[in-house]
Every structure is written in C-alpha cells, then in structure tokens.
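Values in this text are rule-based calculations from the coordinates and carry no lab data. Note that this is a predicted model, so its numbers are computed, not measured. FYI the Cβ positions are ideal-geometry reconstructions off the backbone, even for glycines, and counts take in every protein chain you see.
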Amino acid sequence: MDNDKQIQKVPKLSLEKLSEDSKLVKRGLRDIQRLESSPQDAQILFNKGIELYKSEKYLEAIEIFDDVLFIDPQFIEALKRKGAALHRLERYQDAIEVFDEALEIDPNFNDVQIRKETALWHLRKQEEMGEFDKVIENNPSDISALFNKGLALDKLAKFQEAILVFDKVLQLYPRNKKALLNKGILLYKIDKLREAVEVFDEALEIVPNDTNVLNARRLAVEEMKKQQNGQG
C-alpha cells in the first residue's frame, strides 16, 4: 500500500518540477530577448500597444507595454499608456503605482501628474461607493445612501448604473421629485430624450412649477427637435 502511495506521488512531483523548469526557461528566454532587443524593437512594440489601446483591448495593450518596459524600463510613454489602460479597466490603485514609476523618471511630466490625480479621484469615489454599498446592504431603503451612490455614479459617468440606482429610489418612493429629476437628466445624458421628457412629466405632476424640472424638460425637447431636423 505504501509503495502505491509513493508511485502516485512521483508524477505530481515531476509535474511540479517541470513547471518550475518551464518558468526558468521562460525567464532565461526573456533575458536573452532583452539583450538582443534594440530601442527600435521597443518602439515597434509600443506602436502595437497603442493600436490595441485605441481598439479598447486594454489587457492585451498592457501585456505589450510590459514587453516594451522589459526591453527599456525607462520608456516613460509606455508607463503612461500602461497606467491609462489600467485606469480604463478601473484598476485605479494599479494605475497610480504605474504613474508613480513614470514620475520617478520625470517628476515634471505634467500629463502623468494629471492622470495620477484623476486616478486618485476615481479611487476615492470607488471607495465611497463601497461605503454606500455597505450602508445599503444593511438598510436597503436608506434613501440618503442610495442618492449618494447614484450621484457618485453620475460623476464617474456611469450613467446606466446611476439610472438603476434612482429606479430603486423610485420603487421605494415613487413620488420623489429629486429622484425623477436625476433620472431624467441621466436619460438626457445617454440621449434617451423621449424617455427623459416622460420622466420630467412625471415629476411635473408632483411639482408643476418646479423651475429645475421645467428647464431640464425644455432642454430635452429642444434637443429632440434638433435631432428630428437633422441638426443634432
């Protein structure tokens, strides 16, 4: 029986050894590649990464930028673009760390500094949303937390998600004028103008003379007319 156990363990150990060897081989090949690569190779790869980024293939772009940085760790534009791709994936903390690497190379790179500040702002909003979610989990009818989450999503330009949050508010409080107004504005932002006007009309049934709702409805109607006349 003991012999059987030992026989069963051999393949597993061999596979682990093969996996380790494979990693070492890959590492060695990359080191050789780096020694044999030239600045021109880095630039060619960088251009490929840019095309992937423009095609919104952010994960693939990051892999290419990593290859660029393997050849030339000081390639600051690759760091900037890698950080931007991470930002697009909403991996804000990772993006900030990459921007910091770029700023170590050039502390006066204003574009990277601005991108880092933007990522920090998004990270704070992301953390705020986590706090709102905790409150809502404990008390799903907490209107303040729902409103704050909806407004935070709006600021992050996550309009569809924000609409869903205000829909939850309206399920709980169907005659909430502020929720209707915010939902209508969000629909306007995603170009659902007819739906926006309908929501503003619902709000006006509750508050017929509300200036904010009337102005928002007027803008939506004007935009609809422009689009119908081919001007939008």
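List of remarks:
- Checking the Cα-Cα distances for Lys116/Lys183; Lys57/Lys189; Lys57/Lys155; Lys54/Lys226; Lys116/Lys155; Lys116/Lys226 against a 29 Å cut-off, the pairs over it are Lys116/Lys183; Lys54/Lys226; Lys116/Lys226.
- The slack between Ile190 and Asn47, meaning 0.36 nm per residue of separation minus the straight C-alpha distance, is 48.2 nm.
- Percent RCO, i.e. relative contact order, over segment 87-232, from Cα pairs under 8 Å lying at least 6 residues apart: 13 percent
- With a simple spin-label model that places each label point 7 Å from the Cα along the Cα-to-Cβ direction, the separation between Asn212 and Asp100 comes to 3.9 nm.
- Highest mean packing comes first when the peptides 118-126, 61-69 are listed by Cβ atoms within 10 Å, giving 61-69, 118-126.
- Projecting the Cα atoms of Thr211, Leu172, Leu186 onto the charge dipole of segment 160-213, computed from C-beta unit charges around the Cα centre, puts Leu172 farthest toward the positive end.
- Coarse-grained scattering of segment 102-232 at q = 0.10, 0.13 Å⁻¹, given as base-10 log I(q)/I(0) from a Debye sum over alpha-carbon atoms: -0.44, -0.66
- Ranked by the mean number of other Cβ atoms within 10 Å per residue, highest first, peptides 178-189, 100-111, 82-93, 48-59 order as 178-189, 82-93, 48-59, 100-111.
- Rg/Rh (Cα only; Kirkwood hydrodynamic radius) as it applies to segment 45-156: 1.11
- At q = 0.13 Å⁻¹, base-10 log of I(q)/I(0) for segment 183-232 (Debye sum, equal scatterers on each alpha carbon): -0.27
- Take the Cα of Asp142, step 7 Å toward its Cβ, do the same at Leu204, and the gap between the two points is 3.6 nm.
- Modelled FRET efficiency - R0 41 Å, Leu172 with Leu89, Cβ distances, 0.05 increments: 0.80
- Relative to the globular-protein estimate of 2.2 N^0.38 Å, the Cα radius of gyration of segment 66-127 stands at 1.05.
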